[in-house]
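Accompanying notes for the structure given below.
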Amino acid sequence: MYRTRDHQGRPTTASGLVVLPDGRRGALRVAAYLHGTNATRSAAATVSADSTDRLIAAMFAGAGMAAVAPDYLGLGLGPGSPPYLDLATEVGSTTDLLEAARAFVRTRGVVLRREVMVTGFSQGGRTSLAVGRALQQGEAGWFRLGGVSAVAGPYDVLGTELPAVFRGEVPAETAVYYLAYLVTAWDRTVGLYDDPRDAFQPAYAEVVEGWFDGSHTYEGARAAAAAPAHRPLHPSVPGRACGTRPGSSAGHWPRVTGSAATGRPGSPSPSTPAPPTPMSCRPTPRPALAT
């Protein structure tokens, strides 16, 4: 456990792994591994002995490096609900873990080198770029960037991922799970709706926020998300996200200007309009295959 800050800048705590190679002393290279999407506390690397993320951190230690792997806020042993795709807290929980690890390893006769190799997958791929930027710009205390390897991340949520969901290009069960997780989490961090019924269909509105309180497994939440229907959002939401819907004035999804989108503090208002150019949610033409 270590100290960090939540999306409003308030002091909180988080959990994360620090893994050292057995028997090594002196100065060690540092690898920061940032995990992919997880909404379950008990599946975090600090808690689950079966966690793939724990094995990956151990792999880096087996290669002679000091590995750090944050659970992110609201997961593992930390309090609260996961913010999800919130760059400010993802970067903060990573850089604060680096500082905590620097103090911890001294008690084991180890010194961390300044340059950090950063890598991550899926959600962690996106976070890797933001952590790399913070290290490169000297915003991570004593540490600096050694290199970044960002794998399969959602790098353009508003411009690519969400339009693909609304165009039906993502398998329904997967789309429902990730979209519900994203919308409920961003409502907590930047404010997307006043009431779940403003954003979700009735079958989802009463229960959807509870799926992502950290206590439900991926399999359980995904099955529950797919049960009522494959269209969880209120009918107006795709219109607000993708442009002006028929018979209405311009009604876009709220512009996300705060930490979830950029990693920088902000105070977005739910009434703030989105940029004039909306996302395109029309089907994407596919080229014909050569025969």
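None of the figures in this text is laboratory data; all of them are computed from the coordinates on show. No experiment lies behind these values; they were computed from the predicted model shown. Cβ sites come from the backbone with ideal geometry, for glycine too, and all protein chains shown count toward neighbours.
Count of the range 165-177 residues, restricted to those that are buried (at least 16 other Cβ atoms within 10 Å of the Cβ) and part of a helix (DSSP H, G or I), is 5. Of all residues in the range 178-197, those satisfying the criterion of being of a type in the set (Gly, Ala, Ser) and buried (at least 21 other Cβ atoms within 10 Å of the Cβ) are Ala180, Ala185.
Residue under question is Arg10, and the condition is that it be among the basic types (Lys, Arg), surrounded by fewer than 18 Cβ atoms within 10 Å (Cβ to Cβ) and in contact with a strand residue (DSSP E or B) (Cβ under 7 Å, 6 or more places away or on another chain); does it hold? Taking the combined requirement at face value, the residue does not satisfy it. Scanning the range 113-164 for residues that are assigned to a helix (DSSP H, G or I), among the aliphatic types (A, V, I, L, M) and within 16 Å of the chain's Cα centre (by Cα) yields a total of 6. Those residues that are buried (at least 22 other Cβ atoms within 10 Å of the Cβ), under 15 Å from Phe143 (Cα atoms), in contact with a Pro (Cβ under 9 Å, 6 or more places away or on another chain) and not β-branched (Val, Ile, Thr), I need them from the range 79-97; list them, please. Scanning the range 79-97 gives Ser93, Leu97.
Scanning the range 43-98 for residues that are in a helix (DSSP H, G or I) and either touching a residue at least 60 places away in the same chain (Cβ under 8 Å) or under 12 Å from the mean Cα position of the chain (by Cα) (or both) yields Ala43, Leu87, Ala88, Thr89, Glu90, Val91, Gly92, Ser93, Thr94, Asp96, Leu97, Leu98.
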